[in-house]
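The values are calculated or read from the model by the stated rules, or taken from the named source; none is laboratory data. Keep in mind that what you see is a predicted model, and the values were worked out from it rather than measured. In this analysis, Cβ positions are derived from the backbone assuming ideal geometry, glycine residues included, and neighbour counts consider all displayed protein chains.
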Amino acid sequence: MSHATTGLKDHRPAPAPAARPSLSSRSLPRLAPLGFAAVSIALGVGVSLAAGWHSRTQWGLLSALIFLAVSYAVTTAVENQRQARDRLATSVVWVCFLVAVVPLVSLLWTTVSRGVERLDGYFLSHSMAGVLGWEASGGVYHALIGTLEQVGIATVLSAPIGLLTAVYLVEYGRGALARAVTFFVDVMTGIPSIVAGLFILSIMLIAGLEPSGLMGALALSILMIPVVVRSTEEMLKLVPNELREAALALGVPKWRVILKVVLPTAIGGITTGVMLAIARIAGETAPIILVVFGNQLINTNPFAGEQSSLPFYIYEQYKIGEVAAYDRAWAAALVLIAFVMILNLVARGIARWKAPKTSR
């Protein structure tokens with residue numbers, strides 16, 4: 001019996017040889033894309049100079065095309081065509097990212113470098129009262145006050161309306177009325193700002209109202225409401241239905257479920273959406289030109305009299321055409337960018353603070 005068993009063991013097929021480890025295949029080093037980028041930039045700049053192109057934009061676009069070609073060709077030769085397609089897709093993503101970021105960085109750098117020369121305490125604490133266009137004095141205090149008041153009033157008017165409209169669409173909206181509201185919100189999201197200004201201007205002419213910061217705030221509210229509605233609606237849709245069902249199963253009324261469960265859960269995203277809507281209207285100029293008219297004096301009453309704002313101040317100084325006016329315009333643009341950046345940082349902080357706590 002043992003002899004037969006031994007014979008059977010001897011006639012078993014030999015085990016197949018172990019597969020070669022994948023590490024033995026050829027592959028490019030991790031820093032290869034940086035090398036491709038360096039070679040592409042050198043070739044792009046060299047070819048551009050040889051062709052007589054002096055635009056840095058042309059240099060960058062040509063270098064990007066050379067980078068894609070070199071990356072695909074070298075990866076195909078060293079690795080394989082499948083890896084080359086993957087690297088080409090990754091390279092396209094990076095090139096598109098740089099194409100989008102470089103203009104933004106260039107804009108920010110130009111604004112900071114030009115605006116910081118004029119930005120100081122005097123500029124932030126004085127108005128343009130009695131200052132001629134060619135004089136180097138004057139400040140932005142009156143425009144900053146106008147922007148804060150107009151944006152603040154627009155937020156007080158728009159945030160509750162937008163929030164309640166979004167709650168209706170998500171929690172109660174059914175049928176033709178909900179579809180009509182959604183349609184008009186989508187239409188209002190894309191209207192030009194000057195149309196909102198013309199609408200308020202027509203009301204002013206019919207009712208015989210005078211220009212004021214309140215009129216500008218009403219025009220800004222028309223632009224802000226659809227943004228708040230759309231962002232709040234998306235945040236409310238992210239709240240799990242299980243939370244609603246659990247609260248309703250305990251016999252809690254629906255309005256209380258919305259107030260105590262749904263809104264607290266989505267409050268971080270809602271706050272972020274409101275802050276982004278504020279940042280969107282803070283730079284509008286056309287409605288302010290039509291219904292506020294601007295003012296070089298300090299007017300802290302938004303309900304009476306003409307009033308300025310930061311976007312209008314920038315437009316006004318650029319229109320003067322003097323060197324000193326250009327410097328004031330760049331400084332005001334820097335103040336406006338800082339205002340929007342602070343709003344975004346506040347929104348992120350509130351969103352993180354109010355985010356639902358999860359246990360591990």
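Some notes on this structure:
- Only listed residue being touching a His at 6+ places or on another chain (Cβ under 9 Å) and under 30 Å from residue 144 (Cβ atoms), chosen from 48, 113, 106, 127: 127
Every residue, every condition in (1) under 24 Å from residue 222 (Cα atoms); (2) surrounded by 17 or more Cβ atoms within 10 Å (Cβ to Cβ); (3) modelled with pLDDT of 90 or more, yes or no:
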site	(1), (2), (3)
291	yes, yes, yes
294	yes, yes, no
303	yes, no, yes
307	yes, yes, yes
311	yes, yes, yes
320	no, no, no
327	no, yes, yes
331	no, yes, yes
336	yes, yes, yes
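- Any hit, segment 161-173, residues being closer than 30 Å to residue 300 by Cβ, of a type in the set (A, V, I, L, M) and surrounded by 14 or more Cβ atoms within 10 Å (Cβ to Cβ): yes
- Listed here are the helices (runs of 4 or more DSSP H) enclosed by segment 1-95 that have at least 1 residues being over 39 Å from the mean Cα position of the chain (by Cα), among the acidic types (Asp, Glu) and at pLDDT below 85: 2-10.
- Within the set 152, 139, the sole residue that is more than 14 Å from residue 232 (Cβ to Cβ), modelled with pLDDT under 90 and either in the same structural domain as residue 316 (by TED's automatic domain parsing) or touching a Leu at 6+ places or on another chain (Cβ under 8 Å) (or both) turns out to be 139.
- Filter result for residue 213 (farther than 23 Å from residue 271 by Cβ and in contact with a strand residue (DSSP E or B) (Cβ under 6 Å, 6 or more places away or on another chain)): yes
- Summed over segment 236-255, residues that are surrounded by 12 or more Cβ atoms within 10 Å (Cβ to Cβ) and free of Cβ contacts under 8 Å to residues at least 60 places away in the same chain total 7.
- Residue within segment 207-221 that is in the same structural domain as residue 172 (by TED's automatic domain parsing), of a type in the set (Gly, Ala, Ser) and more than 30 Å from residue 297 (Cα to Cα) present: no
- Residues of segment 176-220 that turn out to be outside any helix (DSSP H, G or I) and surrounded by fewer than 17 Cβ atoms within 10 Å (Cβ to Cβ), as a count: 6
- Test: residue in segment 267-280 that is of a type in the set (S, T, N, Q) and either more than 18 Å from residue 160 (Cβ to Cβ) or touching a Pro at 6+ places or on another chain (Cβ under 8 Å) (or both): no
- Scanning segment 85-122 for residues that are of a type in the set (Phe, Trp, Tyr) and in contact with a Pro (Cβ under 9 Å, 6 or more places away or on another chain) gives a single hit, 94.
- Entry remark, segment 177-213: residues being closer than 30 Å to residue 234 by Cα, small (Gly, Ala, Ser) and touching a residue at least 60 places away in the same chain (Cβ under 8 Å) number 3 in total.
- Residue identified as small (Gly, Ala, Ser), within 26 Å of residue 306 (Cβ to Cβ) and in a loop (DSSP other than H, G, I, E, B) among 139, 146: 139
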